[in-house]
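The values are calculated or read from the model by the stated rules, or taken from the named source; none is laboratory data. From a predicted model like this one, the values you see are computed outputs, not experimental measurements. Glycine gets a Cβ as well: all are built from the backbone with ideal geometry, and neighbour counts include every protein chain shown. Ligands, DNA and RNA are excluded from the accessible area calculation, which covers all protein heavy atoms including side chains. Shrake-Rupley method; radii C 1.70, N 1.55, O 1.52, S 1.80 Å.
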Amino acid sequence: MAQIFLHGQSGPNQQNRFELPNHKDIRTITVLPTITKVFELRILEDLTPILYGTRGKKGIIHTAQQGFRPGAGCEIQLVRILNFLEQVRSLERENRAKKIPVRLRQRVHLTFVDLRKAYDLVNRDLLLAKMLGYNLDPEIITFVAKFLATSAVDVGERMRTFRGLPQGSCLSPALFNIYINDLISLVSSDSCKLLLYADDILIVTPSQTTMSDALTKLSHWCTTNGMEVNKDKSAVLVARLDRRTRAPSITHIESIPIQRSYKYLGV
């Protein structure tokens, strides 16, 4: 059976065809036989230590990405953010103790970025190229290529999909983490911190200029990788750690609105 998947002899199950009344906005859904799911889980078991590392060995996926990482979760991500903000508050208390003028104290800018239909817009050829770039096992890459090629929907006639990661697949989160991984090193710097939970992106910078630069890099990455920022569901929060610090006079940074609050990871 493994050779069937690896050498492309399998295809969509004809019994799993379904009709969609309107195919303008199609989302790929996997309806796979049990044996395929077994191989999918096996591949994920092989990938997990390579992607996320083991004791004493660093994984491919940057530690800034906490989505679907073994031992991580939404609660841990929120604690990481709170700990980071507490470090910033400690620095502000030191600045206050040193009597540094308020006008010289930097605000903390937090931009919550929502990618529009991120999983659905993954460029599969680019994903496979990135997997090759990370020197993953060729047999794993071949399986993933054949696995993605079996995604199809029926809109009156059989239609093959050429982009996106299948919903309902246990492999999709790991594959997406591979796809977005290079964004972290592109945008991160000493003055710009990224925290990711799957496709939920948080950018933290000390100034408006640094945030603008980070968002410009993010925009370039999205253009190259076929992604799109959903500006209606993204927001910038400006944390004034000292009440005497003036509120920002602008309303947007790189077309993303500045807001007073934002619901992150359901909180």
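Worth a mention:
- Selected residue [of a type in the set (S, T, N, Q), over 16 Å from the mean Cα position of the chain (by Cα) and at pLDDT 95 or above] from 181, 123, 135: 135
- Breaking point among (1) surrounded by fewer than 16 Cβ atoms within 10 Å (Cβ to Cβ); (2) touching a residue at least 12 places away in the same chain (Cβ under 8 Å); (3) within 20 Å of the chain's Cα centre (by Cα); (4) over 22 Å from residue 73 (Cα atoms), for residue 170: (4)
- Scan of region 173-197 for residues that are open to solvent by 40 Å² or more (accessible area, probe 1.4 Å), in a helix (DSSP H, G or I) and either at positive phi or of a type in the set (Ser, Thr, Tyr) (or both), ordered by number: 185
- Checked against (1) buried (at least 20 other Cβ atoms within 10 Å of the Cβ); (2) over 14 Å from residue 254 (Cβ atoms); (3) touching a His at 6+ places or on another chain (Cβ under 6 Å), residue 205 meets all criteria but (2).
- Taking residues in region 239-267 that are under 19 Å from residue 206 (Cβ atoms) and of a type in the set (Gly, Ala, Ser), and partners anywhere that are at pLDDT 80 or above and surrounded by 10 or more Cβ atoms within 10 Å (Cβ to Cβ), the pairs with Cβ atoms closer than 6 Å and at least 6 places apart or on different chains are 239/108.
- Residues of region 198-205 include at least one that is at pLDDT 90 or above and assigned to a loop (DSSP other than H, G, I, E, B).
- Restricting attention to region 225-260, the residues being at pLDDT 85 or above and of a type outside the set (A, V, I, L, M) number 11.
- When residues in region 118-142 are screened for being in contact (Cβ under 8 Å) with a residue 12 or more places away in the chain and not in a helix (DSSP H, G or I), 6 of them pass.
- Checking 103, 42, 55, 80 one by one, the residue that is out of contact with any helix residue (DSSP H, G or I) (no Cβ under 7 Å at 6 or more places or on another chain), within 21 Å of residue 196 (Cβ to Cβ) and either at pLDDT 90 or above or open to solvent by 30 Å² or more (accessible area, probe 1.4 Å) (or both) is 80 and no other.
- Verdict on residue 48 being at pLDDT 85 or above and either within 25 Å of residue 264 (Cβ to Cβ) or surrounded by fewer than 12 Cβ atoms within 10 Å (Cβ to Cβ) (or both): no
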